[in-house]
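Note sheet for the following structure.
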């Protein structure tokens, strides 16, 4: 590792090639939004990394977001989203967890590493 790069900065560049395209993520988000009777978005909202209710997907999907999926109180909402994503859902801790398609699961991991700085307000600057 070069002396001027922090581990998180290095991870940012290494993960860049594996990162899902935002258009792919937005397409999956809008499939779910339509299934829930919501209007499609033109872009992902700004959010807060590592926060179940304030990350872009939580805001866009109206649920609690974790690493593997989004949780809804309503079984019907979970069923609808799982159907359009082609994934499964299960009851966990009083909610219904819908498992993410691969692109969304990867987006959550990368977003939590600040790999989408334009979707984070006040991104911490990395100085050299």
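Computed values, structure above
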item	result
Segment residue 67-residue 83, extension gain: residue separation times 0.36 nm, minus the distance between their alpha carbons	3.8 nm
Approximate spin-label separation residue 53-residue 75, in nm, with each point projected 7 Å along Cα-to-Cβ	2.6 nm
Spin-label pair residue 91/residue 46, simplified geometry with 7 Å Cα→Cβ offset, distance in nm	4.1 nm
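Read the figures in this text as sums done on the coordinates, not as results from a lab. Given the structure is predicted, the values throughout are model-derived calculations rather than measurements. Methodologically, a virtual Cβ is constructed for each residue, glycine included, from the backbone with ideal geometry; neighbour enumeration extends over all protein chains shown.
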